[in-house]
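Novice: My questions will all concern the structure given below.
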Amino acid sequence: MASAVTSSPATGGASALMAYDEALRGYEPVLGLETHIELGTRSKMFCSCATAFGAEPNTQVCPVCLALPGSLPVVNEVAVESAILLGLALDCSIAPWGRFARKNYFYPDMPKNYQISQYDEPICVDGHLDVTVDTPEGPREFRVEIERVHMEEDTGKTSHVGGATGRIHGAQYSIVDYNRAGIPLLEIVTKPIEHTGDLAPLVARAYAAELRELVRSLGISDVRMEEGSMRCDVNVSLMPRGATEWGTRSETKNVNSLRSVERSVRYEIQRQAALLAAGGRVVQETRHFQENTGSTLEGRSKEEAQDYRYFPDPDLVPVAPSAEWVEQLRATLPELPAAKRRRIKAEWSLSDEELRDLINADAVDLVAETVEAGAPSADARKWWLNELSRRATETEVELSALPITPVAVARVVALVKEGALTNKLARQVIEGVLAGEGGPDAVVEARGLKVVNDDSALGAAVDQAIVANADAADKVRSGKVAAVGALVGAVMKATRGQADAGRARQLILQKLGVEG
């Protein structure tokens, strides 16, 4: 195997990587994902401070989340409801009784210097989430078993200033913003994910994507990974083919994009395989993913549960959701993403490839909402997957983050169907909406983009086109009707693309005495 091991340029030769295919011939990966979801509650987990993203540093704090002496926490009921809803959507058992614990660790960005979490008595246990991975042989389904969903609070945010890497090493000083300290979190922990083989990176990505869609459908979080409201800790270990004991795992912390989840798994498989093949051993540690290189760098040795010295929080009463409350919440569950995809595939007569394109573009809900607003499914798919996907790529944002609503897209589709806009003009309308100029009708009015289709307005442009393109006009008169395209083009140019091309063609042929 040594011939397949190469130095990694991403780490200056500090780590070696084995070719991916070679690594999978010798080792079986075992995955585990711990995903933190920042809830969209108006107040924090244990106090009434606001949770708005982007506020001035240290303006959303109080004695409770600053851990001032004598302050007492109170559990956020909406956060408990959110946890139960997610547990039900994951087919978990909802615990009839549970409690919070103090997780003791050196937290420089947590004023209490411990985190309130749930340890041995989480609110949700033993669920699953089915995911699908596309392969050359066709779709393959994997069931990811969920060990637990538990509630906890987020830490603050530490920024290291003056260094080259943004980390503490080499920084001149550090500053802390406690606005995020105490924001409600749900942590979803999978059981070990085995038997994924060379599809391991894709399974990890598919799980994170499906979980994000599930949470979004429940309306309990915006799950914007780029803003940190969904973060994945990715665990990877390898065991030699034929072995029965799992290898030592690494944990890549706070991975914040679907692509990075996939890349971090692939990198760790290659790194660990090279290390094991060279006679080394994998250290149980946390690692940090490097977006610019796709590599991981070592962080700190990874603690075991007992190292955190968990003990029940004496200031919080147990959480004991009644069976009646759980059933009331179950009745509010929306149509879940997997069921929704099956329904729309049938209703819209989509092929597997068309559905996959929607899923890969993260456009299923956007297209569905556009259809609900009145647009035909084919037109809704066209605009979201083509024009709007292109603009999302250009501006490096997620499709759902574009400043245009499905209702607005449906209105653009309607204007095209009515003949008030051409596709070219519709793209200009979308450009105006994205630029913040208002809704589609306001942009049409302000920019003067309506199609010109009345004969009096088109007549002058048609006459001018015939005079300016006499050769083409003569060809049309002689029976070469295809030459009318040059005249229609001249009319479109003269009207800045706003002429009704079909009506312009009819008028040209009439004026030239030719039947079309």
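Novice: Hey, can you tell me all the residues within segment 76-99 that are open to solvent by 40 Å² or more (accessible area, probe 1.4 Å) and either closer than 22 Å to residue 115 by Cβ or part of a loop (DSSP other than H, G, I, E, B) (or both)? Before you say what the answer is, go through the steps one by one.
Specialist: As a first pass, look at segment 76-99 and keep what is open to solvent by 40 Å² or more (accessible area, probe 1.4 Å): 77-78, 81, 91, 93, 96-97, 99.
Across segment 76-99, the qualifying residues are 77, 78, 81, 91, 96, 97, 99.
Novice: Do we find that residue 77 is under 29 Å from the mean Cα position of the chain (by Cα), closer than 23 Å to residue 180 by Cβ and modelled with pLDDT of 95 or more in this structure?
Specialist: Spelling it out, residue 77 is indeed under 29 Å from the mean Cα position of the chain (by Cα), closer than 23 Å to residue 180 by Cβ and modelled with pLDDT of 95 or more.
Novice: Please work out which residue is most open to solvent (accessible area, probe 1.4 Å), limiting yourself to segment 324-337 and to residues that are charged (D, E, K, R) and touching a helix residue (DSSP H, G or I) at 6+ places or on another chain (Cβ under 8 Å).
Specialist: Step by step, filter segment 324-337, then rank; the result is 330.
Novice: Here's another thing I want to ask about it. Can you pull out every residue in segment 299-323 that is within 34 Å of the chain's Cα centre (by Cα), exposed (fewer than 11 other Cβ atoms within 10 Å of the Cβ) and either at pLDDT 95 or above or part of a loop (DSSP other than H, G, I, E, B) (or both)?
Specialist: Answer for segment 299-323, where residues must be within 34 Å of the chain's Cα centre (by Cα), exposed (fewer than 11 other Cβ atoms within 10 Å of the Cβ) and either at pLDDT 95 or above or part of a loop (DSSP other than H, G, I, E, B) (or both): 304, 322, 323.
Novice: Taking segment 203-247 as the region of interest, how many residues are more than 15 Å from the chain's Cα centre (by Cα), under 17 Å from residue 267 (Cα atoms) and of a type outside the set (Ser, Thr, Tyr)?
Specialist: Of the residues in segment 203-247, 8 are more than 15 Å from the chain's Cα centre (by Cα), under 17 Å from residue 267 (Cα atoms) and of a type outside the set (Ser, Thr, Tyr).
Novice: Out of all the residues in segment 400-410, which are crowded, with 18+ Cβ neighbours inside 10 Å and modelled with pLDDT under 95?
Specialist: Result: 402, single match.
Novice: If we keep just the residues of segment 26-45 that are among the charged types (D, E, K, R) and within 23 Å of the chain's Cα centre (by Cα), which is most open to solvent (accessible area, probe 1.4 Å)?
Specialist: Going through the qualifying residues, I end up with 42.
Novice: Would you check if there is a residue in segment 366-374 being more than 24 Å from residue 257 (Cα to Cα) and outside any helix (DSSP H, G or I)?
Specialist: yes
Novice: Let me ask something else about it. Here is a check on your reading of the model: is residue 127 farther than 30 Å from residue 179 by Cα and touching a Cys at 6+ places or on another chain (Cβ under 6 Å)?
Specialist: yes
Novice: If a residue has to be without any contact (Cβ under 8 Å) to a residue 12 or more places away in the chain and more than 16 Å from the chain's Cα centre (by Cα) to count, how many in segment 379-392 make the cut?
Specialist: Total meeting the criteria: 3.
Novice: If you don't mind, another one. Would you pick out the residues in segment 163-175 that are open to solvent by 50 Å² or more (accessible area, probe 1.4 Å) and closer than 28 Å to residue 65 by Cβ? Spell out the reasoning first.
Specialist: Looking only at segment 163-175, we keep the residues that are open to solvent by 50 Å² or more (accessible area, probe 1.4 Å), and these are 164-165, 167-170, 172-175.
167, 168, 172, 173, 174, 175 - these are the residues of segment 163-175 that are open to solvent by 50 Å² or more (accessible area, probe 1.4 Å) and closer than 28 Å to residue 65 by Cβ.
Novice: Regarding residue 359, is this residue assigned to a helix (DSSP H, G or I), over 24 Å from residue 423 (Cβ atoms) and within 16 Å of the chain's Cα centre (by Cα)?
Specialist: Values: assigned to a helix (DSSP H, G or I): yes; over 24 Å from residue 423 (Cβ atoms): yes; within 16 Å of the chain's Cα centre (by Cα): yes.
Spelling it out, residue 359 is indeed assigned to a helix (DSSP H, G or I), over 24 Å from residue 423 (Cβ atoms) and within 16 Å of the chain's Cα centre (by Cα).
Novice: Still on this structure: Among (1) in contact with a Leu (Cβ under 9 Å, 6 or more places away or on another chain); (2) free of Cβ contacts under 8 Å to residues at least 40 places away in the same chain, there is one condition residue 242 misses while meeting the rest; what is its number?
Specialist: It is condition (1) that residue 242 fails.
Novice: Could you list, in sequence order, the residues of segment 260-282 that are outside any loop (DSSP other than H, G, I, E, B) and open to solvent by 30 Å² or more (accessible area, probe 1.4 Å)? First the steps, then the outcome.
Specialist: Step one: list which residues in segment 260-282 are outside any loop (DSSP other than H, G, I, E, B), which gives 260-277.
Passing the criteria: 262, 263, 266, 270, 275, 276, 277.
Novice: Let me confirm something: among 426, 446, which residue is assigned to a helix (DSSP H, G or I) and either free of Cβ contacts under 8 Å to residues at least 12 places away in the same chain or surrounded by fewer than 14 Cβ atoms within 10 Å (Cβ to Cβ) (or both)?
Specialist: Exactly one of 426, 446 is assigned to a helix (DSSP H, G or I) and either free of Cβ contacts under 8 Å to residues at least 12 places away in the same chain or surrounded by fewer than 14 Cβ atoms within 10 Å (Cβ to Cβ) (or both), namely 446.
Novice: Looking at segment 198-239 only, could you name the residues that are in contact with a strand residue (DSSP E or B) (Cβ under 7 Å, 6 or more places away or on another chain), in contact (Cβ under 8 Å) with a residue 60 or more places away in the chain, open to solvent by 10 Å² or more (accessible area, probe 1.4 Å) and assigned to a helix (DSSP H, G or I)?
Specialist: Of everything in segment 198-239, those that are in contact with a strand residue (DSSP E or B) (Cβ under 7 Å, 6 or more places away or on another chain), in contact (Cβ under 8 Å) with a residue 60 or more places away in the chain, open to solvent by 10 Å² or more (accessible area, probe 1.4 Å) and assigned to a helix (DSSP H, G or I) turn out to be 199, 202, 206, 210.
Novice: Out of segment 119-128, which residues are farther than 14 Å from residue 84 by Cα and buried (at least 21 other Cβ atoms within 10 Å of the Cβ)?
Specialist: none
Novice: Are any residues in segment 324-356 in a helix (DSSP H, G or I) and over 26 Å from residue 129 (Cβ atoms), and if so, which ones? Show your work before the answer.
Specialist: Of the residues in segment 324-356, the ones in a helix (DSSP H, G or I) are 324-330, 337-347, 352-356.
Listed by number, the list holds a single entry, 324.
Novice: Hey, another quick one. Among the numbered criteria (1) part of a helix (DSSP H, G or I); (2) open to solvent by 60 Å² or more (accessible area, probe 1.4 Å), which one does residue 436 miss?
Specialist: So residue 436 meets the others, but not (1).
Novice: Among the residues of segment 393-413, how many are under 14 Å from residue 224 (Cβ atoms), in a helix (DSSP H, G or I) and free of Cβ contacts under 8 Å to residues at least 60 places away in the same chain?
Specialist: Result for segment 393-413: 2.
Novice: Where residues in segment 122-160 are free of Cβ contacts under 8 Å to residues at least 60 places away in the same chain and in a loop (DSSP other than H, G, I, E, B), which of them is nearest to residue 58 (Cα to Cα)?
Specialist: Restricting to residues being free of Cβ contacts under 8 Å to residues at least 60 places away in the same chain and in a loop (DSSP other than H, G, I, E, B), the top hit is 156.
Novice: One residue is enough: does segment 46-63 have a residue meeting the conditions at pLDDT 90 or above, surrounded by 14 or more Cβ atoms within 10 Å (Cβ to Cβ) and on the phi > 0 side of the Ramachandran plot?
Specialist: Yes; the residues of segment 46-63 include at least one that is at pLDDT 90 or above, surrounded by 14 or more Cβ atoms within 10 Å (Cβ to Cβ) and on the phi > 0 side of the Ramachandran plot.
Novice: Let me spell it out: the conditions are (1) surrounded by fewer than 22 Cβ atoms within 10 Å (Cβ to Cβ); (2) touching a His at 6+ places or on another chain (Cβ under 8 Å), and residue 242 meets all of them except one. Which number is the exception?
Specialist: That leaves (2) as the condition not met.
The values are calculated or read from the model by the stated rules, or taken from the named source; none is laboratory data. Everything quoted here is computed from the prediction, not taken from an experiment. Ideal geometry is used to build each Cβ from the backbone, glycine not excepted, and the neighbour counts take in all protein chains shown. The protein model used for the area step is the full one, side chains on, heavy atoms only, and it has no ligands, DNA or RNA in it. Shrake-Rupley method; radii C 1.70, N 1.55, O 1.52, S 1.80 Å.
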